[in-house]
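Right, one structure below, let's go through it.
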Amino acid sequence: SEAVAARLVSKGYSLATDADSADVILLNTCSVRDAAEQKAIHKMEAVAGRMRKERQGAVLGFLGCMAQSRGRELIDQLPDVDLVVGTQKFHHTAEYVDDLLRKRREKIVDTDEEEGSEAAIREHLLNGNAPRKSVAAFVSIMQGCNQYCTFCIVPYTRGRERCRSIEDIVSECRELAANGVKEITLLGQIVNSYGKREIDVMNGKSAFVQLIEAVHEVEGIKRIRFTSPHPKGYGDDLVEAYARLPKLVENAHLPLQSGSDRVLKLMHRGY
């Protein structure tokens with residue numbers, strides 16, 4: 001949401017105080033549970049009903065995982081919707097909004113894969129523009145998931161794992177620090193799987209620990225967190241990093257799914 005807001009702000013748009021006064025209303029959606037999808041659909045139905053009466057020129061759109069999984073079906077179900085943007089196309093949202101407001105296109109659905117898209121989505125900053133100032137920021141270091149747990153839709157809506165380079169992530173952290181951010185949370189679907197296929201182990205340190213070390217060197221950053229990890233990614237090097245790196249917050253989030261080996265095997269959790 002903040003990545004899209006930053007791109008819109010950089011194009012000269014401003015954030016409305018509420019949906020009723022907005023010319024563009026975009027719902028960023030989730031698919032992890034059906035209840036989340038139904039909530040988004042009901043919300044858009046209510047918004048569309050008001051806009052038909054009050055602001056007929058408003059652009060209405062769905063972003064995110066439900067947009068990815070349902071695609072054009074959302075426009076077929078809700079004809080007032082103008083825009084459906086999938087999980088690898090967030091960074092095109094601002095140009096699509098321009099096209100719709102200027103009547104260059106009528107309806108836009110884009111859920112295609114895009115190589116390199118993981119490096120195009122910066123959560124907070126674009127050319128120095130930030131939707132709001134904060135001392136804490138989330139930084140996306142990767143997208144997608146290769147785990148394919150039997151109960152989970154994420155690999156199908158977010159795609160396979162794709163990682164940004166350490167240099168690109170550190171550059172974003174420096175920009176955030178220059179704007180007053182003190183705490184960074186590194187984000188990934190399985191965040192401690194970062195770079196396993198792209199970045200070699202160096203001096204016994206995994207790619208994820210190498211990244212933490214690089215962010216640790218950024219002047220102005222005081223605290224580093226990460227979420228969501230998987231137990232399989234807690235190697236000795238990461239455990240040791242907690243003792244060695246003072247900026248790495250002493251917190252370990254472990255999503256324990258079950259206490260039964262049989263159920264975990266059926267879930268394809270792998271531990």
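Laid out as a table, the results:
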quantity	calculated
Residue count, region 208-232 (criterion: open to solvent by 10 Å² or more (accessible area, probe 1.4 Å) and within 21 Å of ARG162 (Cα to Cα))	9
Some residue of region 105-118 being open to solvent by 20 Å² or more (accessible area, probe 1.4 Å) and part of a strand (DSSP E or B)	yes
Tally of residues being within 19 Å of MET51 (Cα to Cα) and open to solvent by less than 60 Å² (accessible area, probe 1.4 Å) across region 14-29	8
Any hit, region 74-81, residues being within 28 Å of ALA35 (Cβ to Cβ), in a strand (DSSP E or B) and at pLDDT 95 or above	no
Residue check for ILE199: open to solvent by less than 60 Å² (accessible area, probe 1.4 Å) and under 21 Å from the mean Cα position of the chain (by Cα)	no
Inter-residue pairs, beta-carbon under 9 Å, first within 17 Å of GLU217 (Cβ to Cβ) and in region 244-259, second open to solvent by 80 Å² or more (accessible area, probe 1.4 Å) and not hydroxyl-bearing (Ser, Thr, Tyr), 6+ apart	LYS247/LYS222; LYS247/ARG223; LEU248/ARG223; LEU248/ARG225; VAL249/ARG223; VAL249/ARG225
Pairs with Cβ under 6 Å, 6+ apart, first in region 197-219 and in contact (Cβ under 8 Å) with a residue 12 or more places away in the chain, second open to solvent by 40 Å² or more (accessible area, probe 1.4 Å) and in a helix (DSSP H, G or I)	VAL218/ARG174
Among residues of region 45-63, those that are in contact with a helix residue (DSSP H, G or I) (Cβ under 8 Å, 6 or more places away or on another chain) and over 19 Å from ASP98 (Cβ atoms), counted	3
Selection status of TYR148, open to solvent by 30 Å² or more (accessible area, probe 1.4 Å), touching a helix residue (DSSP H, G or I) at 6+ places or on another chain (Cβ under 6 Å) and either among the aromatic types (Phe, Trp, Tyr) or assigned to a helix (DSSP H, G or I) (or both)	yes
Any hit, region 16-26, residues being more than 27 Å from GLY144 (Cβ to Cβ), assigned to a strand (DSSP E or B) and either modelled with pLDDT of 95 or more or out of contact with any helix residue (DSSP H, G or I) (no Cβ under 9 Å at 6 or more places or on another chain) (or both)	yes
Evaluation of GLU2 against (1) closer than 20 Å to PHE138 by Cα; (2) touching an Asp or Glu at 6+ places or on another chain (Cβ under 6 Å); (3) open to solvent by less than 30 Å² (accessible area, probe 1.4 Å) (one fails), failing number	(3)
Selected residue (criterion: most open to solvent (accessible area, probe 1.4 Å)) from residues of region 167-189 that are over 15 Å from PHE138 (Cβ atoms) and touching a helix residue (DSSP H, G or I) at 6+ places or on another chain (Cβ under 9 Å)	GLU167
Odd one out for VAL85 among (1) in contact with a Gly (Cβ under 7 Å, 6 or more places away or on another chain); (2) more than 18 Å from GLU114 (Cα to Cα)	(2)
Filtered residue count, region 37-79, keeping only those that are over 13 Å from THR157 (Cβ atoms), touching a residue at least 24 places away in the same chain (Cβ under 8 Å) and open to solvent by 50 Å² or more (accessible area, probe 1.4 Å)	8
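The values are calculated or read from the model by the stated rules, or taken from the named source; none is laboratory data. Since the structure is predicted, the reported quantities are computational estimates derived from the model, not experimental observations. Counting neighbours? That spans all protein chains shown, and the Cβs are built from the backbone with ideal geometry, glycine included. Ligands, DNA and RNA are stripped out before the accessible areas are found, and what is left, the full protein with its side chains, is counted by its heavy atoms. Shrake-Rupley method; radii C 1.70, N 1.55, O 1.52, S 1.80 Å.
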